[in-house]
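Notes follow once the structure below has been shown.
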Amino acid sequence: MRETKRTMMWYEFYQDANIEEHLENMAFNGWRLEKIGFLWRYRRAEPARVRYSVTYFSESSEFNPSPTENEETLREYCAAAGWDFVAAWHQMLIFSTSREDAPPIETEGAVKLEAIHRAMKKNFLPSGFVILALFGFNLAMQLRLAGRNLPSFLSDGVQLGAALMMLLLVFHFVSILCSYFLWYRDAKRSVEQGGPCPKRRSRFARARQTFLLAAAVSVVLFMYIPAAVRVGRGTLETLLFLLCGYGFMGVVIQLVRGWLKRRGVSAWTNRIVSIGLAFVLGAGIMGGSVFYTLRIHKNVQSGGAETEVYATRYGTERELRRDPLPLKIEDLQPIEELPWSYELTEHWSPLALLREGWQVEYEGLESLDYEIFDVKTDLLYRACLRDYLKTEELGGQCRLEYSAADEEQWGANAAYRLSIDGEEMDTWLLCRNRRIVKITFDWTPTPAQMALTGEKLLAGA
Amino acid sequence: MAREKFQTLTEQMFYILLSLREELCGADVMARVAELTGGRVMIGPGTLYNLLESFLNAEMIVETAAEGRRRSYRITTAGEQALLTEANRMETLLADYRRHGTGGGRA
């Protein structure tokens, strides 16, 4: 029979009422809290009705080698009132008692509120705001990328997955900070009117945490991993490397912090060493992921398809690929016997698929360039078409815009032709159902070539 | 700021100051207040700790002895003044109550 048990604590740091109830239920079921860390450790004991009290003390810290004088004094007062110290976690102190007559640890609302808010300002609130700012900045960068090129963003499962993860984390931190400040506002109002400091209890805490965890796991399983596998093994390795790397970093920092605490190193030294270590390891992990990202690009270019290296007359080496392109120049017109490269790159997400085809010969640089974009919903299709059609100003000098063209020639539902400063180019957008094809020719295609292009690139749309 | 904070005293503040008219160790204040009030007023250890810190900062009490972590306190003149002000305030309340008659409230 197991003597100890470790569980995740589902409640937030500031939800004292939920934590007290949870611990009392555990004690009633024969498990007494013994230690708090990443997991909360319980020891088997006789089932009993035990009262728990969660309080917050601003001087307490995970970095203190031992409780400060003032914390010891508070613990002594608690002991005198019949409360036994159980465990500490950051600024949270947990006490328990079996005595019915022990007074509550906090008996005056205003004093309790002030003590809690002081403790929250020490760690929970600043770290919450810093993390929110970091994740928020990351999310803003991701959304900026989406604003620049929506189809590319929507069809990159790795990037979309990362953006969704950031969104979940931002939601999480916004909700816990808002929840705290709403509670603080109500509590302040209550104590100003001579009332009690209300306990912080959230009936939805577990549901919210479960939802967030399930959403994060779903993003990883159904978006991140399949997309990473499609891009190439390098991407999946990067993901695993990042997960393992940050997990390793967390464990190392915990171990070093614990070791320094045991050696009696001061809280400030311990804090500086831990933060320095986090920076060094974090930079190492980022460096490693960049290294892997470079490998990804190499893998994507090689793609595992049949390739050969070709030396051009300019003295450079080019990789010639033989990817299966849905449309080749030779389908449209005869081509010279030159070293052609056929390159097809796929970007996938559960929302969209983007296939980029490129046929090129590196001597005269003749080429055929197109992308086939399929999106899952009408709403996203309309947003992406707007993105394709948006007028652009290049360097404030050239004006790129699309105007409607004859769609029947292509067998499409709609067609648009690009013009630069009013001059028509050989770049078209072809739309059918929820597919958008963007194609650039090196020549102006004939009606027969247009029909064949539409037949090949719009097939299955 | 501290004076503004203690312009009126809560019941628990009042009895902590009252109990410190004799030198007491912090932990003994809880028992002394319970004794003074016949168990009517109970002070929790967290509240006691925070109020003693606030009274010290406001110089309403002073530390008189420290043996290890066992620190003793006693009320100061400022603390006595706060007690007196609070007592006068309560007397005014009581006088007002009596002047306007007792038992005359509407049901």
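Restricted to the range A:133-142, and to residues there that are at pLDDT 90 or above and over 25 Å from A:Glu12 (Cα atoms), the residue that is farthest from the other protein chains (Cβ to nearest Cβ) is A:Met141. With respect to (1) within 11 Å of another protein chain (Cβ to nearest Cβ); (2) at pLDDT 90 or above, the lone exception for A:Val86 is condition (1). Somewhere in the range A:26-42, is a residue at negative phi, among the hydroxyl-bearing types (Ser, Thr, Tyr) and in contact with a Pro (Cβ under 9 Å, 6 or more places away or on another chain)? No, that holds for no residue.
For the range A:90-97, the criterion of a residue being under 38 Å from the mean Cα position of the chain (by Cα), more than 13 Å from chain B (Cβ to nearest Cβ) and at positive phi is satisfied by at least one position. Residues that are aliphatic (A, V, I, L, M) and either within 20 Å of A:Arg75 (Cβ to Cβ) or touching a strand residue (DSSP E or B) at 6+ places or on another chain (Cβ under 7 Å) (or both) within the range B:1-32 comprise B:Ile16, B:Leu17, B:Leu20, B:Leu24, B:Ala27, B:Val29, B:Met30, B:Ala31, listed in sequence order. When A:Gly194 is tested against the conditions (1) on the phi > 0 side of the Ramachandran plot; (2) assigned to a helix (DSSP H, G or I), the lone failure is (2). When restricted to residues that are without any contact (Cβ under 8 Å) to a residue 12 or more places away in the chain and touching a strand residue (DSSP E or B) at 6+ places or on another chain (Cβ under 9 Å), the range A:430-455 contains 0. Annotation: A:Leu394 fulfils all but one of (1) under 38 Å from the mean Cα position of the chain (by Cα); (2) surrounded by 13 or more Cβ atoms within 10 Å (Cβ to Cβ); the unmet one is (2).
Residues that are among the β-branched types (Val, Ile, Thr) and in a loop (DSSP other than H, G, I, E, B) within the range A:333-384 comprise A:Ile335, A:Thr377, listed in sequence order. Checked against the criterion of being more than 13 Å from chain B (Cβ to nearest Cβ), within 30 Å of A:Leu380 (Cβ to Cβ), surrounded by fewer than 19 Cβ atoms within 10 Å (Cβ to Cβ) and not charged (D, E, K, R), the range A:116-132 has at least one qualifying residue. Can you find, within the range A:18-36, the residue that is nearest to A:Phe181 (Cα to Cα) among those that are out of contact with any strand residue (DSSP E or B) (no Cβ under 8 Å at 6 or more places or on another chain) and loosely packed, with under 15 Cβ neighbours inside 10 Å? Looking at residues that are out of contact with any strand residue (DSSP E or B) (no Cβ under 8 Å at 6 or more places or on another chain) and loosely packed, with under 15 Cβ neighbours inside 10 Å, I get A:Asn25. Per the conditions (1) of a type in the set (Asp, Glu); (2) part of a strand (DSSP E or B); (3) under 34 Å from the mean Cα position of the chain (by Cα), the sole criterion not satisfied by A:Glu401 is (3).
When the helices (runs of 4 or more DSSP H) confined to chain B are screened for residues that are within 14 Å of chain A (Cβ to nearest Cβ) and at pLDDT below 95, those reaching at least 1 such residues are found at B:2-5, B:11-19, B:26-36, B:45-57. List the pairs whose first member sits in the range A:409-429 and is in contact (Cβ under 8 Å) with a residue 12 or more places away in the chain, whose second member is exposed (fewer than 14 other Cβ atoms within 10 Å of the Cβ) and assigned to a loop (DSSP other than H, G, I, E, B), and whose Cβ atoms are under 6 Å apart, counting only residues at least 6 apart or on separate chains? Going by the 6 Å Cβ cut-off, the qualifying pairs are A:Asp426/A:Thr444. So, of the residues in the range A:98-115 that are touching a residue at least 40 places away in the same chain (Cβ under 8 Å) and under 39 Å from the mean Cα position of the chain (by Cα), which turns out to be nearest to the other protein chains (Cβ to nearest Cβ)? Looking at residues that are touching a residue at least 40 places away in the same chain (Cβ under 8 Å) and under 39 Å from the mean Cα position of the chain (by Cα), I get A:Ala115. Of all the residues in the range A:37-47, those that are crowded, with 16+ Cβ neighbours inside 10 Å and more than 13 Å from A:Arg2 (Cα to Cα) number 1.
Determine, yes or no, whether A:Glu330 is modelled with pLDDT under 85 and either exposed (fewer than 12 other Cβ atoms within 10 Å of the Cβ) or over 34 Å from the mean Cα position of the chain (by Cα) (or both). The answer is no for A:Glu330. Can you give me the number of residues within the range A:186-222 that are closer than 22 Å to A:Val130 by Cα and modelled with pLDDT of 85 or more? Within the range A:186-222, residues that are closer than 22 Å to A:Val130 by Cα and modelled with pLDDT of 85 or more number 3.
Does at least one position in the range B:6-28 carry a residue that is among the small types (Gly, Ala, Ser), more than 30 Å from A:Gly82 (Cβ to Cβ) and out of contact with any Gly (no Cβ under 7 Å at 6 or more places or on another chain)? No; the residues of the range B:6-28 include none that is among the small types (Gly, Ala, Ser), more than 30 Å from A:Gly82 (Cβ to Cβ) and out of contact with any Gly (no Cβ under 7 Å at 6 or more places or on another chain).
Could you say which residue among B:Arg69, B:Arg32 is closer than 19 Å to A:Val111 by Cβ, free of Cβ contacts under 8 Å to residues at least 24 places away in the same chain and not polar (S, T, N, Q)? Testing whether each residue is closer than 19 Å to A:Val111 by Cβ, free of Cβ contacts under 8 Å to residues at least 24 places away in the same chain and not polar (S, T, N, Q) leaves just B:Arg32. Looking at A:Asp378, A:Asp421, A:Asp406, A:Asp426, just one residue is among the acidic types (Asp, Glu), out of contact with any Pro (no Cβ under 8 Å at 6 or more places or on another chain), loosely packed, with under 14 Cβ neighbours inside 10 Å and farther than 25 Å from A:Gly147 by Cα, and that residue is A:Asp406.
The values are calculated or read from the model by the stated rules, or taken from the named source; none is laboratory data. What you are looking at is a predicted structure, and each value in this text was computed from that prediction instead of being measured. With ideal geometry, Cβ positions are generated from the backbone for all residues, glycine too; neighbour counts draw on all protein chains shown.
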